[in-house]
1. Any chance region 76-97 includes a residue that's part of a loop (DSSP other than H, G, I, E, B), at positive phi and free of Cβ contacts under 8 Å to residues at least 24 places away in the same chain?
2. Please verify whether Thr125 is open to solvent by less than 20 Å² (accessible area, probe 1.4 Å), more than 25 Å from Leu19 (Cα to Cα), out of contact with any Lys or Arg (no Cβ under 8 Å at 6 or more places or on another chain) and in contact (Cβ under 8 Å) with a residue 40 or more places away in the chain, treating the condition exactly as stated.
3. One residue is enough: does region 108-123 have a residue meeting the conditions within 23 Å of His86 (Cα to Cα), of a type in the set (A, V, I, L, M, F, W, C) and out of contact with any Leu (no Cβ under 9 Å at 6 or more places or on another chain)?
4. Do any residues in region 1-30 that are open to solvent by 100 Å² or more (accessible area, probe 1.4 Å) have Cβ atoms under 6 Å from those of residues that are part of a loop (DSSP other than H, G, I, E, B), where the two are at least six apart or on different chains, and which pairs are they?
5. Taking region 43-56 as the search range and keeping residues that are surrounded by fewer than 19 Cβ atoms within 10 Å (Cβ to Cβ) and touching a residue at least 40 places away in the same chain (Cβ under 8 Å), which one is farthest from Gln89 (Cα to Cα)?
Amino acid sequence: MPVNPELQGRALPPSEPYLVGREKVREFARAVFATNPIHLDVAAAQAAGYADVVAPTTFAVVLQALALDELLAQPDTGIDFSRVVHGDQRFTSTRPIVAGDELTAQLTVTSVKTLGAHSMVSAATAIADAAGEHVVTAISTLVVRGDD
């Protein structure tokens, strides 16, 4: 089944709030080899002007992945996850994610393109804090391989 071109423009409802945990930030920082002390040490983060440890920029993929899971669970997408390759990832930040933030994510499919037997699905996930203020937008492109 090909990717449904009518996905373009589809916006999912905002996610349930996600509370960013200090240990989750530290675990993520270690996993991506982010060694700046503000990612691991509360005192270093506070000395830099933050309330708690600061997540590495790529931490936004945690929330984006949850939103992508919601999209991929919809039966009309035509996306077979076993055929997906991650093609691109970018971030546009207003401010860093900090432990203690309560964030919501809203995914919008921005583009669906067919290239031969393959499709490319791009999505922007806008992540906002509890006050509704923009924190970061995670933009990704999934390549869906066509039939062999």
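1. No, there is no match, as no residue in region 76-97 is part of a loop (DSSP other than H, G, I, E, B), at positive phi and free of Cβ contacts under 8 Å to residues at least 24 places away in the same chain.
2. Against the criterion (open to solvent by less than 20 Å² (accessible area, probe 1.4 Å), more than 25 Å from Leu19 (Cα to Cα), out of contact with any Lys or Arg (no Cβ under 8 Å at 6 or more places or on another chain) and in contact (Cβ under 8 Å) with a residue 40 or more places away in the chain), Thr125 does not qualify.
3. Looking through region 108-123, at least one residue is within 23 Å of His86 (Cα to Cα), of a type in the set (A, V, I, L, M, F, W, C) and out of contact with any Leu (no Cβ under 9 Å at 6 or more places or on another chain).
4. Taking only residues 6 or more apart or on different chains, the pairs are Met1/Gly78; Pro2/Gly78.
5. The qualifying residue farthest from Gln89 (Cα to Cα) is Ala51.
The values are calculated or read from the model by the stated rules, or taken from the named source; none is laboratory data. In this text, all values refer to a predicted model and were calculated from it rather than measured experimentally. No Cβ is skipped: glycine too gets one built from the backbone with ideal geometry, and neighbour counts run over all protein chains shown. Remember, those area values only see protein heavy atoms, side chains included, never the ligands or the DNA or RNA. Shrake-Rupley method; radii C 1.70, N 1.55, O 1.52, S 1.80 Å.
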